[in-house]
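> Questions regarding the structure given below will be posed in turn.
The values are calculated or read from the model by the stated rules, or taken from the named source; none is laboratory data. Everything numeric here is computed off the predicted structure, so don't read it as measured data. In this analysis, Cβ positions are derived from the backbone assuming ideal geometry, glycine residues included, and neighbour counts consider all displayed protein chains. The accessibility values were calculated without ligands, DNA or RNA, using every heavy atom of the protein model including side chains. Shrake-Rupley method; radii C 1.70, N 1.55, O 1.52, S 1.80 Å.
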Protein chains: 2
Amino acid sequence: MKLKHLTGLSLLAPSVALAAEKPNIVFFIVDDMGWVDSSVAYGEEVYPNNMRYNTPNMQRLASQGVMLTNAYACPVSTPTRTSLITGVNAAHSHITNWTSTTRDTPSDATGGAVAMMQSGVNNDMSGRFSRPEWNINGMSPVEGVESTLYATPLPQLLRDAGYYTIHVGKAHWASAGTPGASPYNMGYNVNVSGNVAGMPRSYQSEDNYGNTPQLWNYLAVQNMTEYYGTGIHLTEALTREALKTLDYPVENDLPFYLYFAHYATHTPIQRDSRFVQRYLDAGMDEGQARYASMVEGVDKSLGDLLDYLEAKGVADDTIIIFMTDNGGNAENKAKGGVRFMHNLPLRNGKGSVYEGGIRVPLMVKWSGKVAPDTRVNTPVICEDLFPTILQMAGIKRYDVVQSVDGKSLVNLVTKGSKLAAKAAKKGQITDQKSANSFVVPQEVSGIDPERALVFHYPHQWKPYDLEDIDFLSAVRKGDWKLVYRMRTGKLELYNLREDIGEQHDLAAKYPERVKELAVELSETLRKWNSPMPSYRTTGEVVPMPDKL
Amino acid sequence: MKLKHLTGLSLLAPSVALAAEKPNIVFFIVDDMGWVDSSVAYGEEVYPNNMRYNTPNMQRLASQGVMLTNAYACPVSTPTRTSLITGVNAAHSHITNWTSTTRDTPSDATGGAVAMMQSGVNNDMSGRFSRPEWNINGMSPVEGVESTLYATPLPQLLRDAGYYTIHVGKAHWASAGTPGASPYNMGYNVNVSGNVAGMPRSYQSEDNYGNTPQLWNYLAVQNMTEYYGTGIHLTEALTREALKTLDYPVENDLPFYLYFAHYATHTPIQRDSRFVQRYLDAGMDEGQARYASMVEGVDKSLGDLLDYLEAKGVADDTIIIFMTDNGGNAENKAKGGVRFMHNLPLRNGKGSVYEGGIRVPLMVKWSGKVAPDTRVNTPVICEDLFPTILQMAGIKRYDVVQSVDGKSLVNLVTKGSKLAAKAAKKGQITDQKSANSFVVPQEVSGIDPERALVFHYPHQWKPYDLEDIDFLSAVRKGDWKLVYRMRTGKLELYNLREDIGEQHDLAAKYPERVKELAVELSETLRKWNSPMPSYRTTGEVVPMPDKL
């Protein structure tokens, strides 16, 4: 005989004192969806690419919350996802690339046959670099697992604080055969489909999401048997699973954390038949239309979630964080259109430290706390979400084994958005959608708008050279950004306020600023002992940018 | 701001009145483990087969609880599992055979090539019977799914009553593409690995449990990526998952229902390397030793679970129900030994309505309620567990869409076991292990020891004839059992008290009893409109036994 549901509560206390401020939190993360792949502009103006998509529910969310117009993730999936769950910058966690499904298998693209024969290790195409040592097995909640970052995962802290934690969709923090492979080791109560896969084998129920003798590989989506052959797209199936698993905490009035990680819009680029015709009719080619239909599928999912929360009467108690995991994939032919044009005006795309690879949508809805339909432009980065979510959950003290790099964005999105709304009312911002949305002072947000944000990709992404992607590192500080090209030893300088497309290298014009940022980047990488490639011939590590 | 954890509770009531009697419940179910496949005798005496196994934790559980020495399941997996989750007898649910992984695909064994060519449907080997219409897609918690039994599942009722519900292991209630495929549709909060698979593709982590390009088929075990290549046997991996998922309800003092359904000891018969040597050393052949090591693996799992509950201080608050899903597979060559000798003294094995196919271990531990180390011999059947578990959970009123056939065994295992213990103390039972363990009067147990229990297998099991398995139906009533052989129209009568091995057909000797039982069986099958095969040539349904 036990007192159920009463743990830690005193029956003598007045009921008002018992009211715990634990808002529900939904982290809705989309895969590979670029910054301009939406009818809502995630930046400070509407670009031509925004006109191509139909995402009414993202617009709905934007109208209800604050948009962070200068939000960043890592160039590829796993580093972003492990930064979110640990609060550690990728250059610091040494998880700088995506994790393979299989353990101890670096995902670094193999070089050409000659380079392979010469060294037996993964090299860049030129054969010049050997791959760096990085945490190829990803993140581990258990100590002592080879080639992993040992860290205390966010959902564990949330669960310990009384949250009911649900994982739906893509996990991709670690490789098979390690504890990080399973959301159940991360503090999640529930897991639907999350494991070591970074993409689905298929989105189509006709393919059983890859579970057929013809198609199967490690990326076949698990936990989806009920939908096989039903005509239900994976995005819709995951949405149904998410809402289903929410019933328990909603009905039992438990605060919940839902990490809802869509596989879409990652490759394979396959049509969502509910939405594709609109885009074909608009004159898109097949690839473009497929991709746009996948975006709209995700948008529908977001809408269904918002509808569910409203219908259950918990919308106002639920924070929604909307984000994507990296820039849009701009070099995949299956997406149609013209290669590397997908993220315009941003340069390049997924894999790159140029803006097209790292700048992402980020919106936060929080009724009563965040002023609706506002924008703030302080630069923020994915690891910030770790302390942000803990603060949102009212968790003030927590023990973690890792050294957290992120800063809480709570004051930025609450006080900051209210300041922005007030300023807009006073006419101090004539157009919220225009450039230069509200600048939140550091004394209000606690976030220095001039802090250095580091992006580090010391890898070759594909088995062919991609000049604007492979072996790059970058730092953004205020309006300025330094890009370090390890292959050529070249440093580039851009002013993002004037040149969001990174078309005008100002390095020659501002050598002092180049030097300052090179030192900032180098000192950070040194402090974190960040992975760096080495020269295959000498074994020497590529120099830090301040040593050039 | 919400009052968390206080749903439905009044703060004004004194705390003692709030104490809800909701014991935790663990249903530990083993697959294909026969009645004599253990060092603890599940019957009323120790048989030679019992001497072959080492299962100290089953002995430990037996010493702590009551054993039901005349417990029954269905001849194959799905019917037992759907009876457990719905309370409906298989002949009534029309789920009389195992469900295929793929929808709308009868699992009835195909006949010989000639029969196939002649009719295009599944036939028995002789080509004489067409398969019956049965619910080939299994059980559905949603109305209107073709070829399913629509029913309210047990875990949903438990969850609605405040239980935290966990599914680990094999589900096998339904086929892919239907709602019954997913434990998340059955009221389970958590699901690890349960889906449409009735067996694992492999138990070995070296095979990734079947998730390799060489091995994969629909039976590859899902949700297990963290264990790939780790050397951890599936039985151990599932045990770790079960204990991990228990942490949440245990730490939050939520009453829990854990349905822990091992894939073991189903085929493939693969060694559990932790235990196999003992059996090889004892002179078993490779197949026998492999099987025995799988049994011991399951026993270890049970022990780990009991240890966990004790360590967490919840052992006395937790009811353990231990059962297997059907008789031991006695015709599989991989198990070594001599075919059909595995279940001796019982006749035949899995698939059969003879005792070897349906008589199963059943033990219940319930501290303070069930007298330890006791045995009762009232015949009981798997669908009884449905109302039993609801009563254990204190759920008095519930709405279900199905017509429940099972009877609660709560009084039988509580009052009955105490009576048995008292009788033993008084010397009324000189040896608890001997035949004729305590007879619990119906006025105490609410269970008529003479009620008719029906077993119905109107199918061909394998793509070859199995005379003692295919197309059989049976009824047990008290000590008597009638077996109906549909192919030959023969009725057999056995006295199980005298002849547990069903070796002496007494039909000729007791024609009146044959008639009585034939009427009982026929009326039940008619009332339930039970599936019956038909003659291929005429399309006529096989006659009921009272029409012979």
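> Over the whole of A:183-194, what's the average partner chain Cβ count within 10 Å per residue? Rounded to a whole number, please. Provide the component values of the computation, followed by the final result.
Working: counts 2, 9, 4, 0, 2, 3, 8, 7, 5, 4, 2, 2.
Across A:183-194, the average partner-chain Cβ count within 10 Å equals 4.
> Rank-order B:452-465, A:306-319, A:374-387 by packing density, defined as the average count of other C-beta atoms within 10 Å over each peptide's residues, highest first. Can you show the working numbers first?
Details: B:452-465: 21.6, A:306-319: 16.9, A:374-387: 25.5.
The densest-packed peptide leads the list: A:374-387, B:452-465, A:306-319.
> Hey, can you find the accessible area per residue of the protein assembly as shown for me, probe 1.4 Å, expressed in square angstrom? It would help to have the intermediate numbers written out before the result.
Details: 36950 Å² over 1096 residues.
Counting only protein heavy atoms, the per-residue value for the protein assembly as shown is 34 Å².
> Next up: If you wrap a convex hull around the Cα atoms of segment A:369-505, how much volume per residue is inside, in Å³? The partial results should precede the final answer.
Values: hull volume 20.5 nm³, N = 137.
Given the Cα convex hull of segment A:369-505, per-residue volume reads 150 Å³.
> Distances from B:Val519 to the same position in the other copies: list them in nm, one decimal, shortest first, using label points 7 Å from Cα along Cα→Cβ.
Label-point distances to the other copies, shortest first: 10.5 nm.
> Using unit Cβ charges (K, R positive; D, E negative) and no other charged atoms, how large, in debye to the nearest 20, is the dipole of chain B about its Cα centre? If you can, show how the numbers build up before the last one.
On the way: 54 positive and 60 negative charges, 115 e Å.
Dipole size: approximately 560 debye.
> For segment B:249-352, just list the percent of Cα-Cα distances falling in each 10 Å bin from zero outward, please.
P(r) for segment B:249-352, in whole percents per bin: 14, 36, 28, 17, 5, 0.
> Would you kindly give the portion of the calculated P(r) for segment B:433-548 that falls above 20 Å, as a percent of all Cα pairs?
Working: 3138 of 6670 pairs.
For segment B:433-548, the fraction of Cα-Cα distances above 20 Å is 47 percent.
> Take peptides B:533-545, B:22-34, A:157-169 and line them up by average Cβ neighbours within 10 Å, highest first, as a rough protection proxy.
Working: B:533-545: 15.4, B:22-34: 24.9, A:157-169: 23.3.
In descending order of packing, they fall as B:22-34, A:157-169, B:533-545.
> Then there's this: In nm to one decimal, list the spacings between the B:Glu310 label point and its equivalents in the other copies, with label points set 7 Å along Cα to Cβ, shortest first.
5.6
> Given a Förster radius of 30 Å and the C-beta distance between A:Lys509 and A:Lys426 as r, what FRET efficiency does 1/(1 + (r/R0)^6) yield to the nearest 0.05? Don't jump to the answer; show the numbers that get you there.
On the way: r = 37 Å, r/R0 = 1.24.
According to the calculation, E is roughly 0.20.
> How do the peptides A:193-202, B:180-189 rank, highest first, by the average count of neighbouring beta carbon atoms within 10 Å per residue?
Top to bottom by mean Cβ count within 10 Å: B:180-189, A:193-202.
> Another question, then. How many percent of Cα pairs in chain A exceed 40 Å? List each step's numbers first, then the result.
Numbers: 29046 of 149878 pairs.
Roughly 19 percent, rounded to a whole number.
> If you don't mind, another one. Taking every DSSP beta bridge that has both residues in chain A, what percent is antiparallel when rounded to the nearest 5? Write down the numbers at each step before the final one.
Numbers: 30 of 59 bridges.
Among the beta bridges of chain A, antiparallel pairing accounts for roughly 50 percent.
> Once every Cα of segment A:177-315 carries one equal point scatterer and solvent is ignored, give the base-10 log of I(q)/I(0) from the Debye formula at q = 0.13 Å⁻¹, two decimals.
These q points yield log10 I(q)/I(0) values of -0.62.
> Per 5 Å bin, what is the whole-percent P(r) computed from every C-alpha pair distance within segment B:126-211?
Cα pair-distance distribution for segment B:126-211, in percent: 3, 14, 19, 19, 16, 12, 9, 6, 2, 1, 0.
> Just to be sure I understand: if you take the accessible area of chain A alone plus chain B alone and subtract the pair, with a 1.4 Å probe, what total do you get in Å², rounded to 100?
5300 Å²
> Can you tell me how much longer the chain between B:Tyr464 and B:Asp160 gets when fully stretched, taken as 0.36 nm per residue apart minus their C-alpha distance, in nm with one decimal?
Details: separation 304, 0.36 × 304 = 109.44 nm, distance 4.56 nm.
Difference between extended and current length: 104.9 nm.
> Need one number: convex hull volume per residue for segment A:163-236, Cα atoms only, in Å³.
Numbers: hull volume 6.3 nm³, N = 74.
About 85 Å³ per residue, rounded to a whole number.
> Now for a different question. Can you give the FRET efficiency to the nearest 0.05 for B:Phe340 and A:Glu516, using r as the Cβ-Cβ distance and R₀ = 56 Å?
On the way: r = 84 Å, r/R0 = 1.50.
After rounding to 0.05, the efficiency reads 0.10.
> Once fully extended, how much extra length lies between A:Ser273 and A:Glu450, figured as 0.36 nm per residue of separation less the alpha-carbon to alpha-carbon distance?
Working: separation 177, 0.36 × 177 = 63.72 nm, distance 4.50 nm.
The A:Ser273-A:Glu450 span can extend by a further 59.2 nm.
> Set the Förster radius R0 to 35 Å, insert the Cβ-Cβ distance between A:Arg526 and A:Arg497 as r into 1/(1 + (r/R0)^6), and round the FRET efficiency to 0.05. All intermediate terms of the calculation are to be shown ahead of the outcome.
On the way: r = 29 Å, r/R0 = 0.82.
Calculated value: 0.75.
> Let me ask another. Quick check: convex hull over the Cα atoms of the protein assembly as shown, volume per residue in Å³, rounded to an integer?
Details: hull volume 197.7 nm³, N = 1096.
Expressed per residue, the convex hull around the Cα atoms of the protein assembly as shown is 180 Å³.
> Quick query: amide H of B:Phe438 versus all other amide H atoms, modeled in the peptide plane; which residues come in under 5 Å with a sequence gap of 5 or more or a different chain?
Here the answer is B:Arg375, B:Asn377, since their amide H atoms fall under 5 Å of that of B:Phe438.
> Next up: Give the nm distances, rounded to one decimal, from A:Arg451 to the matching residue in every other copy, measuring between label points 7 Å along Cα toward the beta carbon; shortest first.
Copy-to-copy label distances at A:Arg451, shortest first: 6.7 nm.
> Per-residue mean of other chain beta-carbon atoms within 10 angstrom of the beta-carbon, peptide B:226-233?
On the way: counts 15, 6, 11, 6, 5, 1, 1, 0.
Going residue by residue through B:226-233 and averaging, the value is 6.
> Local charge sum around B:Ser38 (other residues, Cβ-Cβ under 11 Å, Lys/Arg +1, Asp/Glu -1)?
Details: positive: B:Arg52; negative: B:Asp37, B:Glu296, B:Asp299.
Surrounding charge for B:Ser38 is -2.
> Is there a simple number for the mean count of other chain Cβ atoms within 10 Å of the Cβ of residues in B:94-107, and what is it? The partial results should precede the final answer.
Numbers: counts 0, 0, 0, 0, 0, 0, 0, 3, 4, 4, 1, 0, 0, 0.
The mean count of partner-chain Cβ atoms within 10 Å per residue comes to 1.
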